[in-house]
Amino acid sequence: MFKNYFKTAWRNIRRNKLLSFVNTIGLGTGLGAVMLILLFVNDEYSFDRFHSNAGRLVRLVQTDTDTAGQVRRSGNTGVPQGPAIKSELPEIEDFCRLKGWDMTIRKGNEGLESTVLFVDSSFFRMFSFPVIKGNKATLLRDRNAVVVTEETARKYFGDKDPMGKIIEIDIDDGFEPFLVSGIVKRPPENSSIKFDMLISFERQMATDSTEKAEQLKDWGSLYLNTFFLLKSEKAVQQAESKIWPVFLKYNGEYWNKIKSSGAIAKREYGLQPFLDMHLDNRFFASNGLSDWSDSKYPKILSGLALLILIIACINFINIMLARSFQRSKEIGIRKVNGSSRLQLIIQFLSESSLVTAIACIPAIILLLLMLPAFSRFTNRHYDISYLFQPSLLGWYLLLFVMVSLLAGFYPALVASGFQPVKTIYGKIKLSGRNLIGKSLVVLQFIIAAGLITCTIVFHRQVNYMTNTDLGFSKENLIRLEFPYGANTSAKNNFKTTILQQPVIKGIGSKSGDWNKTGFYINGKKTDWTYYETMDDTYLQLLNIPLVKGRYLSYKNVADTVSNCLVNEAFVETYLDKKADPIGQTVGRNATAGLKDFRVVGIVKNYHNSSFKEKIEPMFFSLDKNDRAFNLFVQYQAGHAKEANDVIIKTYKKEFPYATLNSQFMQDWNESWYEEEIRWKEMVSYASILAIVLSCLGLFALSTLSIQQRLKEIGIRKVLGASVSRITFLVSEQFLILVIISLLIASPLAWWVLNNWLSEFAYRVNISWWIFLLTAILVIAIAMLTIGYHAVTAAAANPIKKLRTE
């Protein structure tokens, strides 16, 4: 019986090749896009679940609230928290501290980059990274032992056995030898902990007993991750409630001083479940953790997938409806010959399942073709093997069944309800039944119009952020970083050499980008405030203008000791407004006179971070201890390649084993908005896909409508109606549907976009012309889609349709 159903379905598919082709390609395109998104969403929610202890693993996190109500969250801790809390809390079975970054490894005469993590010896007891060679219990016992992944072993030793071999790592003040004590499998892509090498956390501890004791008292330095293994998954809240008393036990006096200074009003410690860490945007994952994400990404993408799936299914429904009316006589004959309604429903569902199965072919082809580009787009490494994960295959099977049922059931229900006599004599009318078809088209165009509006606003906001004047010059500038721990002589040689090149106009240097500390002004401590240590050419090189006073100079001895610059926001926020800001004092210590700075100049506000943040107070002092490792090189206009070549050549000479990390300033500025640029592209692709699929649905519905009105059109032509008049009459109902969709889509899009733009301190306005442009685009595209059928029907010979009644 089912074999006969599928045979009949196949014949019906072949009978109307145009509609079948439109149906298959439209559905296949939609399915392919949804399958890609499902791949990403499945990957996001699978992070870190391969660890056997995943349910009992937690990360120690900290939340500070200042007196102004500002909240500062951190997923980082210091050295003492792990051992202290573990010793005090019976709910904790073990702890592991983790910190790491990309380090330079010497291989012969070249330096290669590898990710190296410092971890406690408990690492392999807590986390499930399979050990291939070596004793898991003793792998990280020695200070100069190193554990490598299989890929890293091949990278440095080829086919030779690396066990017992030496690897030279640039750690602290130069290369040191480490003995390979074990080999492990490479961490999977869906792991928050990724590494090429592991070394003992003891290398982070001082060898001097006095210094080590001081490290174990310092709860204030937050530069590593501390994980705990709980004895029970249910012990999280109980253990969490006991951490604050432990903190007070070791830091009671310290906490009273902090609180009395007004720097922090409240501090809270928490235990973040390890499986929540990847998608928890409250606590940044750094210092050895990678691929930190946000739960909103898979949610938004899931929403996009659902919208695309809805549009694709609507097309399927409308095309199946169109074909059911074309096949009304066939259905009537089947019913006269004894076919039950259930049999007809099964027949239509068989056809929808077959079309869905055929549509899976272009969907899979699209999926395979787009996989490399999608990997680059999402900054992930997806290969074909990912498509065969059991969980993903389950989602794909569910998608197939869901589409087959959703898209096929309503047309089957409508068609199976036709009255035999009316179908045989061609008396079937659309009447009220087509309200659902029209409503579905309205829904399609609501989605399409909303996405087009979002695309326009996304483009405007991204262009505004990347092209607006930032308050400093970013043209003809290259930004680079000196290697960590680079000696002063090598850095000075590098600067001197490139300044001798004709294509180089000037250089300037400063410290890191996100340095923050607290200052004391008039006896009160400020909130965490940006500060920069720089040389005396940095501000001038970037054309950051003075508002008042003067720049700092190494020629003035006081400038290297006790003078500073601040920006306008610093003056407005902290300094005494009744007095001249020039000459006011900014302290780095609560005790007056100790490390005090005198303001000698005020610079104009400029954006040192993304447009999501307001311009904040900034403090500038001269670098006198050679701590500025960010270098800015200005080159002659039109000579970017020559300047870059000079930098690469000189860098390789002075730092032969280091990897150059450099960017053109324009690219560096755009890197602040990688997330927004990705979403702009994602929504752009989704809107294009939505409008294409919506037009296919409109194509199907116009086919259905015109087929039902051929006799009416013939009569109108006989009575003298022109082709243009008939075309307008046929198109009018669809134009009304599109206008209704625009009226609904516009306020919805405004609400979504207004919420998105609220994240930015500096934003574009949602102007009225954006909705007008969307309306013009949507109406024009819709009318072009309908126009072909309307004109063809209006120009046809009316006699052919009026021969029979």
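The values are calculated or read from the model by the stated rules, or taken from the named source; none is laboratory data. Owing to the predicted nature of the structure, the values given are computational and were not obtained by experimental measurement. Note that we place each Cβ from the backbone using ideal geometry, even for glycine, and neighbour counts take in every protein chain shown.
If you go through the stretch 508-536 and pick out every residue that is touching a Lys or Arg at 6+ places or on another chain (Cβ under 6 Å) and farther than 30 Å from THR65 by Cβ, you end up with 1.
Give me the strands (runs of 3 or more DSSP E) completely within the stretch 90-136, filtered to those with at least 3 residues that are within 17 Å of ASN225 (Cβ to Cβ), ordered by residue number. Steps first, please.
On the way: elements: 92-107, 110-119, 131-133.
Ranges flagged: 92-107, 110-119.
Evaluating PHE127 against the criteria (1) of a type in the set (A, V, I, L, M, F, W, C); (2) out of contact with any His (no Cβ under 9 Å at 6 or more places or on another chain); (3) within 18 Å of SER200 (Cα to Cα) leaves one unmet condition, (2).
Quick check: is even one residue across the stretch 271-294 in a strand (DSSP E or B), hydrophobic (A, V, I, L, M, F, W, C), surrounded by 16 or more Cβ atoms within 10 Å (Cβ to Cβ) and not assigned by TED's automatic domain parsing to the domain that holds ASP66? Yes.
Scan the stretch 160-212 for residues that are in contact (Cβ under 8 Å) with a residue 40 or more places away in the chain, basic (Lys, Arg) and either assigned to a strand (DSSP E or B) or closer than 21 Å to ASN287 by Cα (or both) and report the count. Number of matching residues: 2. The set of residues in the stretch 564-605 that are touching a Leu at 6+ places or on another chain (Cβ under 6 Å) and either surrounded by fewer than 20 Cβ atoms within 10 Å (Cβ to Cβ) or outside the structural domain of LEU552 (by TED's automatic domain parsing) (or both) contains only GLN584. If you go through the stretch 469-496 and keep only what is surrounded by 14 or more Cβ atoms within 10 Å (Cβ to Cβ) and either on the phi > 0 side of the Ramachandran plot or of a type in the set (Lys, Arg) (or both), you end up with GLY471, LYS474, ASN476, ARG479, LYS491, LYS495. From the set of residues in the stretch 508-535 that are basic (Lys, Arg) and within 14 Å of ASN608 (Cβ to Cβ), which is modelled with the lowest pLDDT? Per the criteria, the residue is LYS516. Within the stretch 168-217, the only residue that satisfies the criterion of being in contact with a Gly (Cβ under 9 Å, 6 or more places away or on another chain), at pLDDT below 85 and of a type in the set (Val, Ile, Thr) is ILE171.
Evaluate the following for VAL22: is it touching a Phe, Trp or Tyr at 6+ places or on another chain (Cβ under 7 Å) and part of a helix (DSSP H, G or I)? Yes; evaluated as a whole, the condition is true for this residue. Could you tell me whether the stretch 21-31 includes any residue that is modelled with pLDDT under 75 and touching a helix residue (DSSP H, G or I) at 6+ places or on another chain (Cβ under 6 Å)? Within the stretch 21-31, one or more residues are modelled with pLDDT under 75 and touching a helix residue (DSSP H, G or I) at 6+ places or on another chain (Cβ under 6 Å). Is it the case, given these coordinates, that ARG141 is over 29 Å from PHE655 (Cβ atoms) and assigned to a helix (DSSP H, G or I)? It is false that ARG141 is over 29 Å from PHE655 (Cβ atoms) and assigned to a helix (DSSP H, G or I). Within the stretch 502-545, the residues that satisfy the criterion of being under 37 Å from the mean Cα position of the chain (by Cα), farther than 29 Å from SER260 by Cβ and of a type in the set (A, V, I, L, M, F, W, C) are ILE504, ILE507, MET534, LEU539, LEU541, LEU542, ILE544.
Restricting the stretch 658-674 to residues that are of a type outside the set (S, T, N, Q) and over 29 Å from GLU759 (Cβ atoms), which is modelled with the lowest pLDDT? Across the stretch 658-674, the extreme among qualifying residues is ALA658. Counting only residues that are surrounded by fewer than 19 Cβ atoms within 10 Å (Cβ to Cβ) and in contact (Cβ under 8 Å) with a residue 40 or more places away in the chain, how many does the stretch 532-548 have? Matching residues across the stretch 532-548 total 6.
Yes or no: PHE247 in a helix (DSSP H, G or I), touching a strand residue (DSSP E or B) at 6+ places or on another chain (Cβ under 7 Å) and crowded, with 17+ Cβ neighbours inside 10 Å? I'd like the intermediate steps shown before the answer.
Numbers: in a helix (DSSP H, G or I): yes; touching a strand residue (DSSP E or B) at 6+ places or on another chain (Cβ under 7 Å): yes; crowded, with 17+ Cβ neighbours inside 10 Å: yes.
In short, yes.
Among the residues of the stretch 575-600, how many are of a type in the set (A, V, I, L, M, F, W, C) and at pLDDT below 85? Before the answer, list the steps.
Applying the first criterion (of a type in the set (A, V, I, L, M, F, W, C)) to the stretch 575-600 yields 575, 579, 582, 586, 590, 592, 594, 597, 599-600.
Checking the rest, the ones that are also at pLDDT below 85 come to 590, 592, 594.
Total meeting the criteria: 3.
Only one of LEU301, LEU229 is closer than 30 Å to ARG380 by Cβ, assigned to a strand (DSSP E or B) and aliphatic (A, V, I, L, M). Can you tell me which? Before you say what the answer is, go through the steps one by one.
Details: LEU301 fails: assigned to a strand (DSSP E or B).
Selected residue: LEU229, the only one of LEU301, LEU229 that is closer than 30 Å to ARG380 by Cβ, assigned to a strand (DSSP E or B) and aliphatic (A, V, I, L, M).
In the set LYS194, LYS231, which member is charged (D, E, K, R) and under 18 Å from VAL246 (Cβ atoms)? Among LYS194, LYS231, only LYS231 is charged (D, E, K, R) and under 18 Å from VAL246 (Cβ atoms).
Scan the stretch 430-442 and tell me whether some residue there is among the charged types (D, E, K, R) and modelled with pLDDT under 85. Spell out the reasoning first.
Here is the first cut: in the stretch 430-442, the ones among the charged types (D, E, K, R) are 433, 438.
Going one step further and asking which of them are modelled with pLDDT under 85, we end up with 433, 438.
The answer is yes, given that some residue of the stretch 430-442 is among the charged types (D, E, K, R) and modelled with pLDDT under 85.
Exactly one residue among SER87, SER121, SER114 is over 30 Å from LYS524 (Cβ atoms), free of Cβ contacts under 8 Å to residues at least 12 places away in the same chain and not hydrophobic (A, V, I, L, M, F, W, C), and that residue is SER87. Just one of (1) touching a strand residue (DSSP E or B) at 6+ places or on another chain (Cβ under 9 Å); (2) assigned to a loop (DSSP other than H, G, I, E, B) fails for LYS577. It is (1). Can you pull out every residue in the stretch 666-684 that is in contact (Cβ under 8 Å) with a residue 60 or more places away in the chain and either more than 12 Å from the chain's Cα centre (by Cα) or not in a helix (DSSP H, G or I) (or both)? Selection gives GLN666, TRP668, ASN669, GLU670, TRP672, TYR673, VAL683, SER684. Of all residues in the stretch 57-71, those that are more than 17 Å from SER241 (Cα to Cα) and either of a type outside the set (Val, Ile, Thr) or assigned to a strand (DSSP E or B) (or both) total 6.
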